[in-house]
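Here is the structure we will look at.
The values are calculated or read from the model by the stated rules, or taken from the named source; none is laboratory data. Every value quoted in this text rests on a predicted model; they were computed, and no experiment measured them. Glycine gets a Cβ as well: all are built from the backbone with ideal geometry, and neighbour counts include every protein chain shown.
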There are 2 protein chains.
Amino acid sequence: MPRGSGRATLAPAGMQPPAQLGLCAACHGANGHARQPDIPDLAGQKADYLDKAMRDYASGVRNVPLMRGALGAIDPAQMRALADWYAAQPVCLPQVRRP
Amino acid sequence: MPRGSGRATLAPAGMQPPAQLGLCAACHGANGHARQPDIPDLAGQKADYLDKAMRDYASGVRNVPLMRGALGAIDPAQMRALADWYAAQPVCLPQVRRP
């Protein structure tokens, strides 16, 4: 279900987490909901945008050493898999009902 | 209501759109839901991250001429107001019930 649709949904059934997810999850969360205020949430973001942002970090168009280091060993296909994974993550998490 | 809370909410009542919103809305939408696949949604994103991203575009850390041009005449306080506006926008839009 695309972003902005109003319903919390889970990532498409059977979608396998990319092999390199751990690298991103350390800051962005495996589900794309980052905890720190200066780290972006990636859940439900546009896949094409995420893909381009990663390429810009790797090439230096976005001159952020931490991201360049993180993406240094990741090839374009792996970047695309990470972009697709995060784009598929639900933006709104189902609220936990407290007893 | 912070992002990821599971309920669609409207921006805080009485929050005035920043004067420069039109400049951003052309691509990102006034509500932060962009139409094009390679333009990021900004609704509900972390305000600190949005603020830093704008400063990076303006300084060239993010070397994207279009964004540098758009932000050229915007001062830090105005950037912060734009960041706060988009961070307050609902991530999940209420679904339109069709008759």
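May I ask you to say which residue of B:41, B:48 is of a type in the set (Asp, Glu), assigned to a helix (DSSP H, G or I) and either out of contact with any Phe, Trp or Tyr (no Cβ under 8 Å at 6 or more places or on another chain) or surrounded by fewer than 16 Cβ atoms within 10 Å (Cβ to Cβ) (or both)? Quick ask: steps written out before the conclusion?
Details: B:41 fails: assigned to a helix (DSSP H, G or I).
Being of a type in the set (Asp, Glu), assigned to a helix (DSSP H, G or I) and either out of contact with any Phe, Trp or Tyr (no Cβ under 8 Å at 6 or more places or on another chain) or surrounded by fewer than 16 Cβ atoms within 10 Å (Cβ to Cβ) (or both) holds for just one of B:41, B:48, which is B:48.
A quick yes/no check of all residues on (1) more than 9 Å from chain B (Cβ to nearest Cβ); (2) at pLDDT 95 or above:
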{"position": "A:41", "(1), (2)": "no, yes"}
{"position": "A:52", "(1), (2)": "no, yes"}
{"position": "A:57", "(1), (2)": "yes, yes"}
{"position": "A:70", "(1), (2)": "yes, no"}
{"position": "A:76", "(1), (2)": "yes, yes"}
{"position": "A:85", "(1), (2)": "yes, yes"}
{"position": "A:90", "(1), (2)": "no, no"}
{"position": "A:98", "(1), (2)": "yes, no"}
When the residues of the range B:7-33 are narrowed to those that are among the small types (Gly, Ala, Ser), buried (at least 16 other Cβ atoms within 10 Å of the Cβ) and modelled with pLDDT under 95, which ends up farthest from residue A:48 (Cα to Cα)? B:11
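Tell me, which residue of the range B:51-75 that is part of a loop (DSSP other than H, G, I, E, B) and in contact (Cβ under 8 Å) with a residue 12 or more places away in the chain is surrounded by the most Cβ atoms within 10 Å (Cβ to Cβ)? Lay out the reasoning, then the answer.
Of the range B:51-75, the ones part of a loop (DSSP other than H, G, I, E, B) are B:60-61, B:63-64, B:72-75.
Pick out the ones that are also in contact (Cβ under 8 Å) with a residue 12 or more places away in the chain and you get B:72, B:74.
Working: B:72: 9, B:74: 18.
Only one residue fits best here, namely B:74.
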Residue pairs, Cβ under 8 Å, 6 or more apart or interchain, first in the range B:18-39 and closer than 20 Å to residue B:58 by Cα, second among the polar types (S, T, N, Q) and in a helix (DSSP H, G or I). List them. B:18/B:78; B:19/B:78; B:20/B:78
Which of (1) in contact (Cβ under 8 Å) with a residue 40 or more places away in the chain; (2) polar (S, T, N, Q); (3) not in a helix (DSSP H, G or I) does residue A:78 not meet, given it meets every other one? (3)
Being over 22 Å from residue A:60 (Cα atoms), among the aliphatic types (A, V, I, L, M) and under 11 Å from the mean Cα position of the chain (by Cα), is that true of even one residue in the range B:44-66? yes
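Restricting to the range A:26-35, name every residue that is more than 8 Å from chain B (Cβ to nearest Cβ) and outside any helix (DSSP H, G or I). Reasoning before the result, please.
Residues of the range A:26-35 more than 8 Å from chain B (Cβ to nearest Cβ): A:26-32, A:35.
Passing the criteria: A:29, A:30, A:31, A:32, A:35.
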Subset of the range A:15-45 [of a type in the set (A, V, I, L, M) and touching a Lys or Arg at 6+ places or on another chain (Cβ under 8 Å)]: A:34, A:39
